[in-house]
1. Determine whether region 518-536 contains at least one residue that is at pLDDT 95 or above, crowded, with 16+ Cβ neighbours inside 10 Å and either within 24 Å of the chain's Cα centre (by Cα) or in the same structural domain as residue 409 (by TED's automatic domain parsing) (or both).
2. Right, residue 61: modelled with pLDDT of 95 or more and part of a strand (DSSP E or B) or not?
3. Please determine, by comparing only the residues of region 340-351 that are part of a helix (DSSP H, G or I) and surrounded by fewer than 22 Cβ atoms within 10 Å (Cβ to Cβ), which one is farthest from the chain's Cα centre (by Cα).
4. Looking at 396, 473, 480, can you tell me which residue is under 30 Å from residue 239 (Cβ atoms) and surrounded by fewer than 19 Cβ atoms within 10 Å (Cβ to Cβ)?
5. Restricting to region 490-529, name every residue that is under 17 Å from residue 436 (Cβ atoms) and free of Cβ contacts under 8 Å to residues at least 60 places away in the same chain.
6. Among the residues of region 392-447, write down those that are free of Cβ contacts under 8 Å to residues at least 12 places away in the same chain and within 28 Å of residue 370 (Cα to Cα).
7. Starting from region 231-256, keep only residues that are surrounded by fewer than 24 Cβ atoms within 10 Å (Cβ to Cβ), then list their pairs with residues that are assigned to a loop (DSSP other than H, G, I, E, B) and modelled with pLDDT of 90 or more whose Cβ atoms are within a distance under 6 Å, requiring at least 6 positions of separation or different chains.
8. Looking only at region 117-130, which residues are surrounded by fewer than 16 Cβ atoms within 10 Å (Cβ to Cβ) and part of a strand (DSSP E or B)?
């Protein structure tokens, strides 16, 4: 299909939907059983657009699914992969018409829990007023720009999210086909309670719609790498300091499959089929998320700081010592992100990797690292710190080792879970889900624990694998932790080690929980007991039908009829 054929009159879209012409396409996105219901959703969104903006002109329809992270929490901004699925049946739609005068008008219809509502106030702004004079067409340029304009999540309205995507798109296509203003109606049934990335779905859907309205096509005019890393990083303008793997799950997702999403550059690093006996489960824990902005910055800064500490202060001291004879001579050039601190990349063994973690201080400050590193610190600070961490002063205590150890171990859990699922070792894969949750507790990684694991690795024991080290990232509350543990203890008691496991989802401190659970607990004979546990022990009344998640297709522009 010609890429310019995404845009047709509203009447043509409505006629195609009402006649059933798009049923096969909708079945691809939502399954044959749900295609009819989604036909009504699309019609509702199109009619809402026409009633608010008029039915004249041609429009495009973009869709972006929610996503779920099964493994790899808190690590994508360190360049590390995570195991994702695009959630079938939880979509954000964006209907857009080009606006040649350069103005952007946004309205919304949010349908969560069956009722449609205008949850967000209409927004309007000029594209010329928000784009910078310099081009911010790369991830690094976006981060540098965001550090200067940081529109805090606490003060900004919802329109800042689409604005970030539009700023990136305008820069990216500035030398070629310009991005136009748009009239846009956003329709969504994605829960905003946390864990399914409703804000990221909004960013992608509106960015795809803006591209389509300007005669551009995702994956044709912009490769997947830039769609994920560029559009994803545009959220930093809102004050978000996360990575882009959420966006990768939404764009790279495939029906029936879990995908390991790599970032910087974005890429699919491997797939595993979702076991037919299990379903992904996403539940609202009932625990409200309360952000600790300073701690959020501390957790994010730990990855680049620990990477600098090891590459500049620890490895030079250990190079050439027993055990590090195989260390590659160009190790410093091989280390850019925390993700690069792997045995294969550095030419060391797993016991030596544990030694590197032992050498990291449990707690440090930027001032202490600067005193130790000398002149090398200035370049690091300019590139990795700059103005991006406004709440972390020189003397702010950074719990470096436990947060850094979590990141390295979580990266290995992504690799291991994909390996265990493809090998049919479901019980071990579910064990990793629980270990990952333990890694979010506020606890130290002690010397003796690392030494015990080093010796196990030296002996070739599986228990010495890095994936079994929890770490201590520290975005957990007792109430949030209790929900996870009550569910996991029940599943283990009622169904054994393959019954299922859940963990916290999203940014932490509250929100959703999720994992893999045997279908019998969600829609079979064990469902009443599971629902009773939720109600009596946790005070929750989840809709277990809607809480089940199946892997679906990633974001796209709908082919025009």
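1. no
2. Yes: the conditions hold for residue 61.
3. Here is the first cut: in region 340-351, the ones part of a helix (DSSP H, G or I) are 340, 343-346, 350-351.
After this cut, where a residue has to be surrounded by fewer than 22 Cβ atoms within 10 Å (Cβ to Cβ) as well, the list is 340, 343-345, 350-351.
Details: 340: 20, 343: 26, 344: 26, 345: 25, 350: 28, 351: 31 Å.
Per the stated criteria, the residue is 351.
4. On the way: 473 fails: surrounded by fewer than 19 Cβ atoms within 10 Å (Cβ to Cβ); 480 fails: surrounded by fewer than 19 Cβ atoms within 10 Å (Cβ to Cβ).
Going through 396, 473, 480 in turn, the sole match is 396.
5. Once the filter is applied, which keeps residues that are under 17 Å from residue 436 (Cβ atoms) and free of Cβ contacts under 8 Å to residues at least 60 places away in the same chain, region 490-529 yields 491, 492.
6. 446
7. Final answer for the pair search is 255/552; 255/553.
8. 117, 124, 126
The values are calculated or read from the model by the stated rules, or taken from the named source; none is laboratory data. Since the structure is predicted, the reported quantities are computational estimates derived from the model, not experimental observations. Quick reminder, even Gly has a Cβ in these numbers, built from the backbone with ideal geometry, and neighbours come from all protein chains shown.
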